[in-house]
Amino acid sequence: MKNIITGTAGHIDHGKTALVKALTGIDADRLKEEKQRGITIDIGFADLAIDDFRFGFVDVPGHERFVKNMLAGAHGLDLVMLVVAADESIMPQTREHFDICRLLHVKSGLVALTKSDMVDEEILELAHAEVEDFVRGSFLEGAPIIPVSSRTGAGVDDLKRALTRLAQSIESKTTSAVPRLPIDRAFSIKGFGTVVTGTLIAGEIKVGDDLEILPAGIKARVRNLQVHGHDTDAAFAGQRTAINLQGINLDQAQRGSVLAPAGRLRATSMIDARLDLLPAAVRPLLQRARVRLHHGTAEVMARVVLLGASRDEAALPLEPGGSRIAQLRLEEPITAIPGDRFIIRSYSPQITIGGGVIIDALAEKHRISDTKASARLNRLEKADPTERAALFIEMAGHRAMTSSELAARTGATDDQIAAAARELTASGRAMEVTSAPLILMSTESYRELSSRVVSLLAEHHRREPLSLGVAREEVRERVFGTARAEVFRSVIARIAEEGKVAAERDSLRLAAHRPALSDSEAQAKQALEAAFRASGFQAQTLEETAASLKIALELARKLYNLLSAEKKIQRVGDMVFHIDSLDELKGRVRARKAVNQKMDVAAFKEITGGLTRKHAIPLLEYLDRERVTRRVGNEREIL
């Protein structure tokens, strides 16, 4: 059965609630005060099944004082039933409600001319003509205008037939999307606990699902589900849904919050958007104006920062009927994704002045003079899902972007993200930093980082021709900054594969770099190696050896690095041994194993010609590290 969410709209006392009752038999006014005063104060709900369609009616209040409640029910509508009383025709809240529907891009609907039994044929025809003129140029131009009387029932069947015809052309909401349910009611039932209701605007929710109440970030599990008052195991996009949540209190789930899969989406206090000001707005919207933003079922205060293609344009106000890229800085967080629509109302008096569509729901703060931000957001606004993913990855720069970050930024499913990743990597637009977890970086960022690494190494080799390279950690700090460790490892691995860089264990150098020694430096290197070899097991420190050879300590350290890289020497403790001496030592110890598998310090001194503890202890610890021996108490076991 196809689910159609249908909203009422119209002026107070034009018969919206009575019409819903005439259609469904359900009185959508549920509050005691509504019954006493005879007016709708908050949104109400009813449903009606006709053929293969189930209509979920959202009945909204018409009084100007309760427009914010109307807005809580106006999101996610498939079609609108604009209600106009034949005896009063178009009134102020008719206009405001209709403006809201247009700003929210409701695409289909009809007009119900209520109270048709209270006027004569001439007045009814006049009201019909006024409505035709009112909706001209809008999504309701050419839509059915049906006279109806909730009191007598006249026209109700015609209205049902018209709704059914409209429903046939409405595209079903996709269930292959991240589930989102803006909460419009929350209450507690004894023995069950907290229950929330709302219109499931995307995806599918099942009993047992782990959800999150955003923006608070409170985890909850689905205990029970109802759709239109009937228990079910799963609810689908387009259905009015009641969810019994396990593990939360009533005060943790209130109107304005959003239910989504745990860990999937993120709250935001800053959004970038395309902002449209109504032609009927009484004044221009000034830079940094304070407005009321309505998104889903939430209402928050916000400051509007108007952006522009130039500094001069950015400084101008937004004129009535105009459209601009803007940043809205929220005083309380909301949860949104690109493509969501919203309404703005003036701070005082509280009237609807415009609305728009979110381009980036997790925006970074822009300066008014940042003309590049406006250009980038224009690209994002026109982008398809894959292009949007590419642009967000580019915006992440050197930090790159994980699949979970991309999910929160775009609202895309895992399958959609994987498909976008395949397309972007195949086209060379992005590169995969890691596959599990998936991290993506733009190819441009990779080129920039790799170029900076090569430039850093080239400059180092120019300054230090005897140096083997730069320490990995120094390269990471100087080039990669706050980029995640996976980015550093991936970039270095790739430029090494490309043959640009040689990656040693602790250092990096250009692949083509070879230390350039002068004749005197080559002689010093040869003398240093000979001294280490000659010292045998009685090795000295580098400083002592350099002093004995009258080699400058700075040069000796550089030559030491070269000899160490050539695996001709090795530091053990503070002393430097020639590798031949260490190999000879290993051979002597292993030869002893044929006589005795155990060896104490005295035996070791005997093997090595009477070494003092100064040399014996560091060498014994070296043999342990090399897994030639293993310490057992005060002895060594030869392995």
If we scan the stretch 229-239, do we find a residue that is in contact with a Gly (Cβ under 7 Å, 6 or more places away or on another chain) and surrounded by fewer than 21 Cβ atoms within 10 Å (Cβ to Cβ)?
-> no
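Would you mind finding the one in Arg429, Arg472 that is of a type in the set (Lys, Arg) and more than 27 Å from the chain's Cα centre (by Cα)? Steps first, please.
Details: Arg429 fails: more than 27 Å from the chain's Cα centre (by Cα).
Going through Arg429, Arg472 in turn, just one is of a type in the set (Lys, Arg) and more than 27 Å from the chain's Cα centre (by Cα): Arg472.
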Name every residue in the stretch 152-176 that is surrounded by 14 or more Cβ atoms within 10 Å (Cβ to Cβ) and either in contact (Cβ under 8 Å) with a residue 60 or more places away in the chain or under 26 Å from Leu103 (Cα atoms) (or both), in order of residue number.
-> Val156, Leu159, Lys160, Ala162, Leu163, Thr164, Leu166, Ala167, Ile170, Lys173, Thr175
Can you name the condition, by its number, that Arg292 falls short on among (1) crowded, with 22+ Cβ neighbours inside 10 Å; (2) part of a strand (DSSP E or B); (3) of a type outside the set (Gly, Ala, Ser); (4) within 25 Å of the chain's Cα centre (by Cα)?
-> (1)
Every listed condition ((1) modelled with pLDDT of 90 or more; (2) farther than 30 Å from Leu619 by Cα; (3) surrounded by fewer than 17 Cβ atoms within 10 Å (Cβ to Cβ); (4) not charged (D, E, K, R)) holds for Ala534 save (2)
Among the helices (runs of 4 or more DSSP H) confined wholly to the stretch 538-639, which include 3 or more residues that are over 29 Å from His461 (Cα atoms), in contact (Cβ under 8 Å) with a residue 40 or more places away in the chain and not basic (Lys, Arg)?
-> 579-592, 613-625
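Go through Ile201, Ile271, Ile213 for me and flag whichever is under 25 Å from Ile5 (Cβ atoms), touching a helix residue (DSSP H, G or I) at 6+ places or on another chain (Cβ under 8 Å) and β-branched (Val, Ile, Thr). Working first, answer last.
Details: Ile201 fails: touching a helix residue (DSSP H, G or I) at 6+ places or on another chain (Cβ under 8 Å); Ile271 fails: touching a helix residue (DSSP H, G or I) at 6+ places or on another chain (Cβ under 8 Å).
That would be Ile213, the only listed residue that is under 25 Å from Ile5 (Cβ atoms), touching a helix residue (DSSP H, G or I) at 6+ places or on another chain (Cβ under 8 Å) and β-branched (Val, Ile, Thr).
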Which members of the stretch 370-397 meet the condition of being basic (Lys, Arg) and closer than 17 Å to Ala408 by Cα?
-> Arg388
Among (1) outside any strand (DSSP E or B); (2) closer than 30 Å to Ala298 by Cα; (3) modelled with pLDDT of 95 or more, where does Asp133 come up short?
-> (2)
Can you tell me which residues in the stretch 453-481 are in a helix (DSSP H, G or I), in contact (Cβ under 8 Å) with a residue 12 or more places away in the chain and farther than 12 Å from Leu510 by Cα?
-> Arg472, Val475, Arg476, Arg478, Val479, Phe480
All-but-one check, Lys190 against (1) outside the structural domain of Asp133 (by TED's automatic domain parsing); (2) touching a strand residue (DSSP E or B) at 6+ places or on another chain (Cβ under 9 Å), failing number (2)
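May I ask you to verify whether Ile393 is among the β-branched types (Val, Ile, Thr), buried (at least 20 other Cβ atoms within 10 Å of the Cβ), within 18 Å of Ile417 (Cα to Cα) and in contact (Cβ under 8 Å) with a residue 40 or more places away in the chain? Before you say what the answer is, go through the steps one by one.
On the way: among the β-branched types (Val, Ile, Thr): yes; buried (at least 20 other Cβ atoms within 10 Å of the Cβ): yes; within 18 Å of Ile417 (Cα to Cα): yes; in contact (Cβ under 8 Å) with a residue 40 or more places away in the chain: yes.
Answer is yes for this residue.
The values are calculated or read from the model by the stated rules, or taken from the named source; none is laboratory data. On a predicted model such as this, the values are computed, not experimentally measured, just so you know. Heads up, the Cβs are rebuilt from the backbone with ideal geometry, glycines too, and the neighbour counts pull from every protein chain shown.
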